[in-house]
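One structure is given below, encoded as structure tokens.
The values are calculated or read from the model by the stated rules, or taken from the named source; none is laboratory data. Quick caveat, the model's predicted, so the values are computed rather than measured. Glycine also receives a Cβ, built like all others from the backbone with ideal geometry; neighbour counts cover every protein chain displayed.
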Amino acid sequence: MTNDKAAPASGSMMVVGGGIAGLTTALEAAEVGYEVLLVEKNPYLGGRVAQLNQYFPKLCPPTCGLEINFRRIKDNPRIKVLTLAEVEAVSGGPGNYTATVKILPRYVNENCTCCGDCAKVCETEVSDTYNLGMCRTKGAYLPFDMAFPARYVISPQIIGTDDAEKVKTACKYDAVDVDMQPKTVDFSVGAIVWATGWEPYDAHRIDNLGFGQYDNIITNMMLERQAAKNGPTQGQIVRPSDKKAPESVAFVQCAGSRDENHLPYCSYICCMASLKHATYIRAQYPDTKVYIFYIDIRSPGDRYEKFYNTIKQDPGVILIKGKVAEVSEDPATRNITVVAENAVTGEKIHQTVDMVVLATGMQPTAAGAKPPADLAMNDDGFFINDYAKGGMFAAGCANKPADVISSNQNATGIALKAIQTLVKR
Amino acid sequence: MADSYLVEPDVSFIKEVVRLGGADVKKCFQCATCAVACPISPDTKPFPRKEMIATSWGLKDRLIGNGDVWLCHNCGDCSTLCPRGAKPADVLGAVRAATVIEYAKPKSIAKMVSDPKKLPILLTIPAVIILVLGLLFKIVGINWLNFAPVGEHLWQSDYINNYLVDIIMIPTFLSAIAIFALGLKRFVADMHANALKEGKTNKEKIDPIEFAKTFVKVLPTIMKHERFNECSENKERSTAHMMVLFSFIGLFIVTACFFIGEWVFHIEGPYQQINPIKWLANISGICLVIGGILLLKNRLDKKDQISSYWDWYLIGLVLTLGITGMLTEMLRLNGSYGLSAIIYFLHLISVWVLFAYTPFSKLAHIVYRTVAMTYQEYSGRK
């Protein structure tokens with residue numbers, strides 16, 4: 001028996017990305033005694049999960065779990081959170097890295113009480129990236145109701161304008177600091193976990209599915225924002241052209257996934273997401289018909305299979321085996337007609353619906369912006385973990401497309417891998 | 001649909017399709033994008049998704065004698081959108097090749113035509129026929145083959161007499177028609193049976209007179225390449241194909257006129273350059289060469305499309321016919337009679353190859369596709 005119970009806190013690690021995988025890795029490592037630097041490029045934590053309305057298959061709100069995680073971070077002095085921060089360079093090796101992090105100014109300090117007075121006086125509106133650009137937000141804004149850190153952000157777009165002065169004057173707590181400058185800081189860490197997550201695949205690139213061409217074709221993440229109470233439509237699912245409640249909705253599965261011309265792999269979550277979306281629509285509009293066009297419904301595991309079977313029982317949800325390969329719009333009604341071959345009956349279907357949802361997949365963030373570090377990646381931009389080498393690992397959807405539960409399990413395991421690097425030294 | 005279906009895969013058929021250019025068929029995961037991408041696929045029982053699964057399962061009976069395979073014009077729209085690179089267009093092309101081989105009798109010749117190693121044998125046959133028959137006639141005193149004729153203005157008939165050519169070519173041509181007729185008889189019966197089985201027609205029996213009338217109706221569609229022009233991916237092929245088809249028709253007319261002139265009116269060639277038949281001959285010959293080059297260029301440019309020997313054979317034949325034909329004439333006009341005669345000999349070999357092997361080669365599509373398109377119209381398939 002050893003009596004050396006003190007954790008080897010000489011080592012500290014950096015976690016890049018504050019989405020669900022990054023949060024989990026950071027918390028698991030910190031709660032066993034390691035110092036963690038959590039670097040997030042957005043002004044808030046929670047990543048893609050923070051944009052979801054409900055989890056499948058339980059249909060409960062992700063805010064609940066996020067809130068618990070935020071509480072754990074607040075209570076844990078070992079976690080240092082940097083928002084609006086991106087890693088610019090990494091040097092050194094396992095056990096001894098130097099990470100250069102660039103931190104952009106938030107223009108709001110810790111005095112902020114989220115009173116909202118700054119937003120009231122700000123006249124400039126900027127694109128609301130949290131809502132995928134579906135609406136606009138004030139130049140001084142809280143990204144969303146329960147954003148963490150709970151602190152307003154001032155868009156760099158209004159810095160130097162009259163609005164900046166107005167916002168500064170409106171703040172009763174002296175929280176606005178328009179003179180904040182970007183800074184670049186070096187951190188010494190023993191291990192780095194890349195939890196850089198994913199981006200929704202750009203649906204504009206799927207020429208034959210009409211996104212960007214016809215207003216009433218949206219993506220699954222856009223529907224997720226519509227369905228959310230804190231979204232651009234306050235939870236009302238409406239079609240974009242006339243804000244009408246859709247009487248029929250078609251889901252196009254594998255929009256850009258399992259496709260050599262786009263993402264060659266299965267994005268894992270889109271089938272379950274569309275089944276979940278069917279419940280959103282059916283709950284909101286009991287008479288609306290939902291058509292789901294698929295290649296195969298992938299609902300792996302007992303719980304997902306049960307969820308799928310439940311949805312199948314709903315006579316308002318029609319599942320058709322056959323991928324949509326053609327869309328067209330009726331210019332008068334703005335309705336969309338999707339064309340697919342029902343591979344079971346061998347008949348072509350021309351289904352006209354009020355709105356189409358493209359079930360677009362996950363593209364690893366690193367596919368667009370390769371991290372500035374010596375990392376192995378496959379052709380699609382997913383990391384290949386080198387456990388023998390150690391030091392740097394990827395967690396969550398940076399590894400492979402995954403649902404939240406798998407990301408968390410993976411993140412927990414990766415936290416241990418990172419700790420092993422620290423302990424070995 | 002039947003509750004259960006016992007699949008009896010014909011593995012040798014799968015291998016045959018793979019050999020003929022359908023090597024990617026097994027990549028298909030039945031998403032059915034192809035059937036929607038295809039601009040000419042009908043709404044009921046569309047192709048080529050069902051042909052893809054039938055091929056990968058080796059269900060030969062659902063493919064040979066399936067008229068849909070011939071409705072495809074190989075434009076490649078399906079292959080472009082295919083998420084798996086399974087190349088449905090090439091698979092259907094390979095199935096068509098397998099169909100030609102299946103219906104052509106004797107089958108051994110069909111196997112040889114599709115095998116590049118057998119090409120020398122296939123080319124030797126006409127060479128031997130012309131030389132041996134010419135020499136045999138020489139023995140009995142008919143001088144139709146001269147290796148060194150003398151005279152001021154010589155032409156190819158002074159070396160290889162037109163009568164010798166005709167008595168070889170005419171029976172060859174007729175036997176090709178007979179082989180086609182035998183194949184078609186089975187093909188049409190199979191196609192109808194397949195359509196009845198898959199619910200693609202409501203006609204019980206085929207009425208030959210009505211069928212012939214439908215053919216007349218369909219002919220303009222074929223001539224104008226209307227189906228071809230619905231393609232978006234591979235449109236330029238339509239022009240090249242049209243040039244080659246019309247050149248063949250033009251040259252067929254020229255040959256027929258010349259034949260009648262010789263046998264009926266005993267008018268000997270060569271025709272003057274101002275003769276309208278000569279104009280048609282020259283224009284057609286030039287178009288054939290240009291069309292052939294365009295076909296070749298399109299194939300070479302389209303790297304994502306599989307081109308098998310089956311395809312190269314036909315392009316090679318088109319170019320050889322055109323080039324040897326035009327060279328024969330040009331060398332003669334230049335006064336290089338000996339060289340002209342050698343090229344003419346090669347030209348005759350390629351003409352014989354054209355006639356004799358058409359029912360066994362890709363060119364057989366001229367018959368099978370025409371009949372299948374007529375049947376589609378006749379059967380009321382939508």
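Let's see how each residue does on (1) of a type in the set (Lys, Arg); (2) modelled with pLDDT of 90 or more; (3) under 30 Å from residue B:330 (Cα atoms):
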{"position": "B:152", "(1), (2), (3)": "no, no, yes"}
{"position": "B:162", "(1), (2), (3)": "no, yes, yes"}
{"position": "B:168", "(1), (2), (3)": "no, yes, yes"}
{"position": "B:178", "(1), (2), (3)": "no, yes, no"}
{"position": "B:188", "(1), (2), (3)": "no, yes, no"}
{"position": "B:204", "(1), (2), (3)": "no, no, no"}
{"position": "B:219", "(1), (2), (3)": "no, yes, no"}
{"position": "B:248", "(1), (2), (3)": "no, yes, yes"}
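Working only within the range A:387-418, note down all residues that are modelled with pLDDT under 95 and surrounded by fewer than 23 Cβ atoms within 10 Å (Cβ to Cβ).
First, pick out the residues of the range A:387-418 that are modelled with pLDDT under 95: A:387-391.
The answer is A:387, A:388, A:389, A:390.
With the requirement that a residue be surrounded by 14 or more Cβ atoms within 10 Å (Cβ to Cβ) and among the basic types (Lys, Arg), what does the range B:166-212 give you?
B:186, B:200, B:203
With within 14 Å of chain B (Cβ to nearest Cβ) and either in contact (Cβ under 8 Å) with a residue 40 or more places away in the chain or of a type in the set (Lys, Arg) (or both) as the only criterion, which of A:274, A:267 stands out?
Working: A:274 fails: within 14 Å of chain B (Cβ to nearest Cβ).
Every option except A:267 fails the conditions.
Only one of B:200, B:217 is in contact with an Asp or Glu (Cβ under 9 Å, 6 or more places away or on another chain), touching a residue at least 24 places away in the same chain (Cβ under 8 Å), farther than 19 Å from residue B:63 by Cα and among the charged types (D, E, K, R). Can you tell me which?
B:217
From the residues in the range A:247-261 that are touching a helix residue (DSSP H, G or I) at 6+ places or on another chain (Cβ under 9 Å) and more than 8 Å from every other protein chain (Cβ to nearest Cβ), which one is farthest from residue B:82 (Cα to Cα)?
Restricting to residues being touching a helix residue (DSSP H, G or I) at 6+ places or on another chain (Cβ under 9 Å) and more than 8 Å from every other protein chain (Cβ to nearest Cβ), the top hit is A:249.
Going by the structure shown, is residue A:418 away from chain B (no Cβ under 14 Å) and under 21 Å from the mean Cα position of the chain (by Cα)? Give the derivation first.
Values: away from chain B (no Cβ under 14 Å): yes; under 21 Å from the mean Cα position of the chain (by Cα): no.
Answer is no for this residue.
Within the bounds of the range B:55-68, is there any residue that is touching a Cys at 6+ places or on another chain (Cβ under 7 Å) and either without any contact (Cβ under 8 Å) to a residue 40 or more places away in the chain or surrounded by fewer than 17 Cβ atoms within 10 Å (Cβ to Cβ) (or both)?
no
Conditions first: (1) within 14 Å of another protein chain (Cβ to nearest Cβ); (2) part of a strand (DSSP E or B). Residue A:344 passes all but one, so which condition is the exception?
Residue A:344 satisfies all of (1) within 14 Å of another protein chain (Cβ to nearest Cβ); (2) part of a strand (DSSP E or B) except (2).
Would you pick out the residues in the range A:83-111 that are surrounded by fewer than 20 Cβ atoms within 10 Å (Cβ to Cβ) and hydrophobic (A, V, I, L, M, F, W, C)?
A:84, A:89, A:103, A:104 - these are the residues of the range A:83-111 that are surrounded by fewer than 20 Cβ atoms within 10 Å (Cβ to Cβ) and hydrophobic (A, V, I, L, M, F, W, C).
Basic (Lys, Arg) and in the same structural domain as residue B:226 (by TED's automatic domain parsing): which single residue out of B:118, B:87 fits that description?
B:118
Is it the case, given these coordinates, that residue A:264 is surrounded by fewer than 18 Cβ atoms within 10 Å (Cβ to Cβ) and more than 26 Å from residue B:36 (Cα to Cα)?
The answer is no for residue A:264.
Where in the range B:44-90 are there helices (runs of 4 or more DSSP H), lying fully within it, with 3 or more residues that are in contact with a Gly (Cβ under 9 Å, 6 or more places away or on another chain) and either among the β-branched types (Val, Ile, Thr) or within 12 Å of chain A (Cβ to nearest Cβ) (or both)?
B:49-56
Among the residues in the range B:2-11, are any within 14 Å of chain A (Cβ to nearest Cβ) and under 25 Å from residue B:303 (Cβ atoms)?
Among the residues of the range B:2-11, not one is within 14 Å of chain A (Cβ to nearest Cβ) and under 25 Å from residue B:303 (Cβ atoms), which makes the answer no.
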